[in-house]
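J.: This structure is in structure tokens; I'll ask about it shortly.
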Amino acid sequence: QVQLVESGGGLVRPGGSLRLSCAASGSIFSINHMTWYRQAPGKQRELVAGITSDGDTAYGDSVKGRFTISRDSGKNTVYLQMNGLKPDDAAVYYCDADLVTSTSMGRYIYWGQGTQVTVSS
């Protein structure tokens, strides 16, 4: 079994910062890439940022220059540093991991349960 657990969400004022974490645990052989998405009520899921096992990163246009994704491979954890938060950033943030399990050596994508980010004054 593999679990992904996001944390770090909360209420922040416009212009503020939050740091989200997503920790993967369980029967993991290797992780290829990890990605943050977000979904606000009534809106489609949006890609926020992704990072490969080599450390290559990619960002959605709406967060470029404000958000930074990083990864601690030793801890199977990915972080999302969010600065300059805007009301439009409010959403449930989810992470996923494209990984190989140590039980079957199969490649799967696992999702976390999400963490709520609220941006309001």
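The values are calculated or read from the model by the stated rules, or taken from the named source; none is laboratory data. Keep in mind that what you see is a predicted model, and the values were worked out from it rather than measured. Here the Cβ positions follow ideal geometry from the backbone for every residue, glycine too, while neighbour counts run over all protein chains shown. Ligands, DNA and RNA are excluded from the accessible area calculation, which covers all protein heavy atoms including side chains. Shrake-Rupley method; radii C 1.70, N 1.55, O 1.52, S 1.80 Å.
J.: Being among the hydroxyl-bearing types (Ser, Thr, Tyr) and exposed (fewer than 15 other Cβ atoms within 10 Å of the Cβ) narrows it down to one of 70, 21, so name that one.
T.: Going through 70, 21 in turn, the sole match is 70.
J.: Next question. Please verify whether the range 107-115 includes one or more residues that are buried (at least 17 other Cβ atoms within 10 Å of the Cβ), touching a Phe, Trp or Tyr at 6+ places or on another chain (Cβ under 9 Å), closer than 20 Å to residue 3 by Cβ and of a type in the set (S, T, N, Q).
T.: Yes, some residue in the range 107-115 is buried (at least 17 other Cβ atoms within 10 Å of the Cβ), touching a Phe, Trp or Tyr at 6+ places or on another chain (Cβ under 9 Å), closer than 20 Å to residue 3 by Cβ and of a type in the set (S, T, N, Q).
J.: Only one of (1) open to solvent by 60 Å² or more (accessible area, probe 1.4 Å); (2) of a type outside the set (Asp, Glu); (3) not in a strand (DSSP E or B) fails for residue 16. Which number is that?
T.: Against the list (1) open to solvent by 60 Å² or more (accessible area, probe 1.4 Å); (2) of a type outside the set (Asp, Glu); (3) not in a strand (DSSP E or B), residue 16 comes up short only on (1).
J.: Checking residue 89 against (1) charged (D, E, K, R); (2) surrounded by fewer than 15 Cβ atoms within 10 Å (Cβ to Cβ); (3) touching a residue at least 12 places away in the same chain (Cβ under 8 Å): exactly one of these is not met. Which one?
T.: With respect to (1) charged (D, E, K, R); (2) surrounded by fewer than 15 Cβ atoms within 10 Å (Cβ to Cβ); (3) touching a residue at least 12 places away in the same chain (Cβ under 8 Å), residue 89 is out only on (2).
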